[in-house]
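Participant: Handing you a structure now.
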Amino acid sequence: MINAFELQTGRLRQIPIEDQADLEHVKPIWIDFDDPTDEERQWAKDQFNLTLPDEDDFGDIEASARCFEDATGALQIRSDFLIDKADESRNVPVAFVLRQDILFSLHEEDLPVFRLLRMRARHQPGYIEDSREVLLELYATDAEYSADALEGVYAALEEISGRVLKAHLTDEAAAEVLSSVAREEDLNGRIRRNLMDTRRAISFLMRRRLLTVEQVEDARQILRDIESLDGHTSFLFEKINFLLDATVGFININQNKVIKLFSVVSVALLPPTLIASIYGMNFEVMPELKWFLGYPFALGLMVASVIAPFWFFRKKGWLK
């Protein structure tokens, strides 16, 4: 799917592209390729002499492969954008090409940051002025979106803290806590990686000296926001480590209780040994030796004295 965006009366107007002819009649500052087909890639090549980046190259981590100027003089930038959902959080790679005052973006799925920017640019005159500002606002919106996600992480950790600091934490509750903490740690790590990637892209734009004085100031403000968010992720990592240590400590306490109980119960397992020892004696005067049911009685007594503790342990759930 392709969407072209034109500036009209200071607002960003979205134009869906159905065929190559539609591209010939627009004057866009931004063209967004959402999981394009091979045919749509060919339209970009025919209309703009642009070869869209291959999705296989999006994951490169080297700085030289993520921010560079190609042979045509176009700026190529690879960035990660966050998707924070209740059931899943992930970073989605996006490729940007800034060429001839047009920003081309390529990604495999629609992103919340892109939707939010489109909505704001449609309703706020003067919000966007050129293609470079589109790119800066995408990064600014991404930092804002990451800040909201961090607030969600903090709220989740506060709820987890309430469970961890209860008077008694069962092993089942501890397992749920560890699972919840692991999810929040993963999201916090993704946010931190996303912020680091955004910082690198903005620094690259500033080094290229393509931004106006106002845009440079906007870029610096974004970097300041990222710096503050980066410190907050460090705080959340410390809180996560505290919750992990506290939860593991409660698990160890519970295990120590079980071990202590086993030590006490081991005393209760002495009767079978005592019974076997008594009836293993070879004395001539032993009343049970003359009893017809003496031998099965002794065996049954030993079996019962073994089964009873195991039944008790199973009922308590200690054998799981």
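Participant: Modelled with pLDDT under 85 and in a helix (DSSP H, G or I): is that true of Leu261 in this structure?
Facilitator: Taking the combined requirement at face value, the residue satisfies it.
Participant: Hey, another quick one. Does the stretch 232-262 hold any residues that are of a type in the set (Lys, Arg) and under 27 Å from Gly189 (Cα atoms), and which are they?
Facilitator: Hit for the stretch 232-262 is Lys239, nothing else.
Participant: Answer with yes or no whether Ile222 is modelled with pLDDT of 90 or more, touching a strand residue (DSSP E or B) at 6+ places or on another chain (Cβ under 7 Å) and either assigned to a helix (DSSP H, G or I) or among the β-branched types (Val, Ile, Thr) (or both).
Facilitator: no
Participant: Is it true that Arg199 is crowded, with 16+ Cβ neighbours inside 10 Å and of a type in the set (Lys, Arg)? Steps first, please.
Facilitator: On the way: crowded, with 16+ Cβ neighbours inside 10 Å: yes; of a type in the set (Lys, Arg): yes.
Against the criterion (crowded, with 16+ Cβ neighbours inside 10 Å and of a type in the set (Lys, Arg)), Arg199 qualifies.
Participant: Moving to a separate point now. Residues in the stretch 49-64: is at least one closer than 16 Å to Arg200 by Cα, in contact (Cβ under 8 Å) with a residue 24 or more places away in the chain and touching a helix residue (DSSP H, G or I) at 6+ places or on another chain (Cβ under 7 Å)?
Facilitator: Looking through the stretch 49-64, at least one residue is closer than 16 Å to Arg200 by Cα, in contact (Cβ under 8 Å) with a residue 24 or more places away in the chain and touching a helix residue (DSSP H, G or I) at 6+ places or on another chain (Cβ under 7 Å).
Participant: While we're on this one: Is it the case that Glu159 is in a helix (DSSP H, G or I) and among the acidic types (Asp, Glu)?
Facilitator: Spelling it out, Glu159 is indeed in a helix (DSSP H, G or I) and among the acidic types (Asp, Glu).
Participant: To continue, here is another question. Of all residues in the stretch 213-261, which are surrounded by fewer than 16 Cβ atoms within 10 Å (Cβ to Cβ), touching a residue at least 40 places away in the same chain (Cβ under 8 Å) and of a type in the set (Phe, Trp, Tyr)?
Facilitator: Phe237
Participant: Report those helices (runs of 4 or more DSSP H) wholly inside the stretch 12-128 carrying at least 1 residues which are acidic (Asp, Glu). Talk me through it step by step, then tell me what you get.
Facilitator: On the way: elements: 20-24, 38-48, 63-66, 112-123.
Passing ranges, in order: 20-24, 38-48.
Participant: Can Ile253 be described as modelled with pLDDT of 90 or more and either part of a helix (DSSP H, G or I) or touching an Asp or Glu at 6+ places or on another chain (Cβ under 6 Å) (or both)? Outline the logic, then answer.
Facilitator: Working: modelled with pLDDT of 90 or more: no; either part of a helix (DSSP H, G or I) or touching an Asp or Glu at 6+ places or on another chain (Cβ under 6 Å) (or both): yes.
So Ile253 fails the test.
Participant: Going by the structure shown, is Ile128 in contact (Cβ under 8 Å) with a residue 60 or more places away in the chain, surrounded by 21 or more Cβ atoms within 10 Å (Cβ to Cβ) and under 24 Å from the mean Cα position of the chain (by Cα)? Show your work before the answer.
Facilitator: Details: in contact (Cβ under 8 Å) with a residue 60 or more places away in the chain: yes; surrounded by 21 or more Cβ atoms within 10 Å (Cβ to Cβ): yes; under 24 Å from the mean Cα position of the chain (by Cα): no.
For Ile128, the condition - in contact (Cβ under 8 Å) with a residue 60 or more places away in the chain, surrounded by 21 or more Cβ atoms within 10 Å (Cβ to Cβ) and under 24 Å from the mean Cα position of the chain (by Cα) - is not met.
Participant: List, please: which pairs have Cβ atoms under 6 Å, are six or more places apart or on different chains, and start with a residue in the stretch 150-172 that is assigned by TED's automatic domain parsing to the domain that holds Lys85 and under 18 Å from Thr233 (Cα atoms) and end with one that is surrounded by 11 or more Cβ atoms within 10 Å (Cβ to Cβ) and of a type in the set (Lys, Arg)?
Facilitator: Sorted first by the residue in the stretch 150-172, then by its partner, the pairs are Leu157/Lys239.
Participant: Of all residues in the stretch 132-153, count the ones that are of a type outside the set (Asp, Glu) and either more than 13 Å from Asp84 (Cβ to Cβ) or not in a helix (DSSP H, G or I) (or both). Steps first, answer last, please.
Facilitator: First, the residues of the stretch 132-153 that are of a type outside the set (Asp, Glu): 132, 134-136, 138-141, 143, 145-147, 149-150, 152-153.
Cutting the leftovers down to either more than 13 Å from Asp84 (Cβ to Cβ) or not in a helix (DSSP H, G or I) (or both) gives us 132, 134-136, 138-141, 143.
Count: 9.
The values are calculated or read from the model by the stated rules, or taken from the named source; none is laboratory data. Because the structure is predicted, anything quoted here is derived from the model rather than measured. So basically every Cβ, Gly included, is an ideal-geometry build from the backbone, and we count neighbours across all protein chains shown.
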